[in-house]
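The values are calculated or read from the model by the stated rules, or taken from the named source; none is laboratory data. Since this is a predicted model, take the numbers as computed values, not measurements. With ideal geometry, Cβ positions are generated from the backbone for all residues, glycine too; neighbour counts draw on all protein chains shown. Areas reflect the complete protein model, heavy atoms only, side chains present, ligands, DNA and RNA absent. Shrake-Rupley method; radii C 1.70, N 1.55, O 1.52, S 1.80 Å.
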Amino acid sequence: MACTLEKFIHSLDPRALPRVLQIQSGIYFQGSIYEMFGNECCLSTGEVIKVIGFKINKLIASICENNEVSQFSAKVELPLNFPGLYKVVADKTPYVSVEEITRKVSIGPTRFGHPCFYSPEDIKLANLTIKHGEQITFNSVEEVKGTMAVNCGVVRNNQSHSFTLPLSQEGKFYECEDDQIYTLKEIAEWKIPKCRNRIVKLSNTLHTWDCSNPLPENFDGCLILTPVYEVQAVMKFRKDIVHILSDLDVEVKDITDCYDISSFLQPLSLEDVFERTSKEFPMVAEIMEGPSGSQKPYNLLHTGKEIVIYKKYQATRVLASEIRSDSPKRRFLIPVSYKGKFKRRPREFPTAYDLEIARTEKEQLHVVATKAFDSPHKEFFSVSVGDQFLVQQCQTSEVLYEGRKKVIDVLACEQILSDTYKKVLLPMYMEGGFVEVIHDKKQYQISEICKEFRLPFNVKVSVRDLSVEEDVLAAVPGLQFEEEITDSYLLISSSSSPVESWEIPVYRLNMSVHLLSKDVQTVVPPATKTTVEEISEEQYYMVRRYENQTLHPPPRPPKKPT
């Protein structure tokens, strides 16, 4: 049955991709050149396209009154980066099964992907009864004993209880009120269910308003958001990926079940390529959609270019952030093969406990106090701004508190006086402020820093990397090396002129290729070039989240005795 492209995409489950569609009718029934994002395509009646993906491109907003579109409201177009923070208004229409929720609501690993629902009736499970009105958090979808189910949780008396609900579980499920605030982009990615609109309330008024703002001045009400999707598709006789907006006025018919889908080119993301077995490498591929960016090698990876993909592997990078008090900070992933040199920069420590964490046997930590501390016990030292200390070791000390002896963790230090040293004790719970005094003038390679010092570690480039045309780190006044991470890479080179090979990140480069049935002329890759990769704030937190999934959190600093 034919329907509009908009209706089809709004109801399409991403898990059902790819889908083959035939153009039935519309404005373009006689064939017309349609341009979107620099791609031109001809959509004529009978044309067949393969939809390989879709994402929200923009939002159509209407002012909302009493959960309905205001009769005086005109529809306005909002880009995903439109400023402001918004609260999500709970949908009053219930879902009729767990399966419908998983089909229409985004459930994923981030905090945005844990939607909450409640049932107006008790749900009786084998070893637990979910009470009516109790908030149920949907955490993930997976197969449990051969049956697809949702991992859920409820909180009772500050304790979390985990359980699973099968997708076949029926009943009314209502969305819970959400007290979090989100950007429009976060709402578009996580909080707009399939086949439904979303009502949001502006949480903070926009700091500036000008005539280009499509919303009324001082507006602080509710908006009904309707998504417009960007559809990624492959056409029969084209080697690139075309982008079509879902509100294009054409009708389509799903013919996937009666069409040979293999007759289309098969676009592969870098993740798809990485999932291939090591025996399949090296391989020759043609780029169907290249990444954006002027930095090498991204500026060489344009649509239509043939590349050789030699191998897949894990490589080490140092995650570094620009040292500055204001935001946003620049973030970098630095290869250990970086040929520049670094000098140390002073570290800052907010508590005595941080001094203990940074202390090493290799060298004595020398710090200056930047904040005063008045000790409540005579056994501990009262710190003044400007006091200098050499950090010695962690130990315990007894103090008299309300007539009773209490054992406290302390940091033994030597206070530096004009002509002598004085032994003092600083309680671990001390909230002060210290800055490091650097005596080390040596220049270090990045590999030496990772081997000899404990991260995080503050540095500045003293000798730039002369093997690259532009060293982006040289202009940064200070860097903090935060941690070493392991990431996934593909090693590639140009197929026509393999002078050098490049490492490209698998999970941060938006690029599609299709494989060619060609033999690789040179199995051994040419000299490998590694680059410093500047990453966005969002990519920075994703890298840290994936890296820290297997790590235990650091211990909490000791509490002040009460």
Query raised in the report: What about Asn157, is it among the polar types (S, T, N, Q), over 28 Å from the mean Cα position of the chain (by Cα) and surrounded by fewer than 17 Cβ atoms within 10 Å (Cβ to Cβ)?
Result: yes
Query raised in the report: Of all residues in segment 242-300, how many are within 15 Å of His514 (Cβ to Cβ) and basic (Lys, Arg)?
Result: 1
Query raised in the report: When residues of segment 446-468 are filtered for being within 30 Å of Pro526 (Cα to Cα), in contact (Cβ under 8 Å) with a residue 40 or more places away in the chain and among the acidic types (Asp, Glu), how many remain?
Result: 1
Report task. Collect the residues in segment 464-477 that are open to solvent by less than 20 Å² (accessible area, probe 1.4 Å) and either within 24 Å of the chain's Cα centre (by Cα) or more than 28 Å from Glu538 (Cβ to Cβ) (or both), keeping them in residue-number order. Result -> Leu473, Val476
Report summary line: Among strands (runs of 3 or more DSSP E) entirely within segment 100-218, at least 1 residues that are free of Cβ contacts under 8 Å to residues at least 40 places away in the same chain occur in 136-144, 147-156, 159-166
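Considering only residues that are of a type in the set (D, E, K, R), in a strand (DSSP E or B) and over 34 Å from the mean Cα position of the chain (by Cα), look in segment 223-266 and name the one that is surrounded by the most Cβ atoms within 10 Å (Cβ to Cβ).
Out of the qualifying residues, it is Glu251.
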Report summary line: Of the residues in segment 17-66 that are of a type in the set (D, E, K, R) and within 32 Å of the chain's Cα centre (by Cα), the one that is modelled with the lowest pLDDT is Glu35
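For the structure I just gave you, tell me whether Ser418 is polar (S, T, N, Q) and not assigned by the TED database to the domain that holds Asp354. Write out each step before concluding.
Details: polar (S, T, N, Q): yes; not assigned by the TED database to the domain that holds Asp354: no.
No; evaluated as a whole, the condition is false for this residue.
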Query raised in the report: What number goes with the only condition from (1) over 30 Å from Pro214 (Cα atoms); (2) open to solvent by less than 50 Å² (accessible area, probe 1.4 Å) that Glu121 does not pass?
Result: (2)
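Name the single residue, out of those in segment 408-446 being of a type in the set (Gly, Ala, Ser) and either at pLDDT below 90 or farther than 14 Å from Phe381 by Cα (or both), that is surrounded by the most Cβ atoms within 10 Å (Cβ to Cβ).
Filtering segment 408-446 down to residues of a type in the set (Gly, Ala, Ser) leaves 412, 418, 432-433.
From what's left, either at pLDDT below 90 or farther than 14 Å from Phe381 by Cα (or both): 418, 432-433.
Working: Ser418: 4, Gly432: 20, Gly433: 17.
It comes out as Gly432.
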Query raised in the report: Does segment 467-477 contain any residue that is under 30 Å from Ser262 (Cβ atoms) and assigned by the TED database to the domain that holds Glu271?
Result: no
Query - Failed condition for Asn218, given (1) of a type outside the set (Phe, Trp, Tyr); (2) on the phi > 0 side of the Ramachandran plot; (3) buried (at least 18 other Cβ atoms within 10 Å of the Cβ) - result: (3)
**Report entry** Selected residue (only one of Gly304, Gly290 is closer than 30 Å to Lys194 by Cα and open to solvent by 10 Å² or more (accessible area, probe 1.4 Å))
**Finding:** Gly290
**Report entry** Index of the failed condition, Asn510 passing every other in (1) within 19 Å of Met542 (Cβ to Cβ); (2) touching a strand residue (DSSP E or B) at 6+ places or on another chain (Cβ under 7 Å)
**Finding:** (2)
Report task. Residue by residue through segment 495-544, note down the ones that are closer than 18 Å to Gln295 by Cα and in contact with a Leu (Cβ under 7 Å, 6 or more places away or on another chain). Result -> Ser501, Glu503, Ile504, Val506, Leu509, Met511, Thr528, Val532, Glu533, Ile535
Query raised in the report: For segment 417-473, list the strands (runs of 3 or more DSSP E) that sit wholly inside it and hold at least 2 residues that are of a type in the set (A, V, I, L, M) and within 14 Å of Ile334 (Cβ to Cβ); which are they?
Result: 457-463
Query raised in the report: Of the numbered conditions (1) touching a helix residue (DSSP H, G or I) at 6+ places or on another chain (Cβ under 7 Å); (2) farther than 21 Å from Ser11 by Cβ, Tyr95 satisfies every one except a single condition; which is it?
Result: (2)
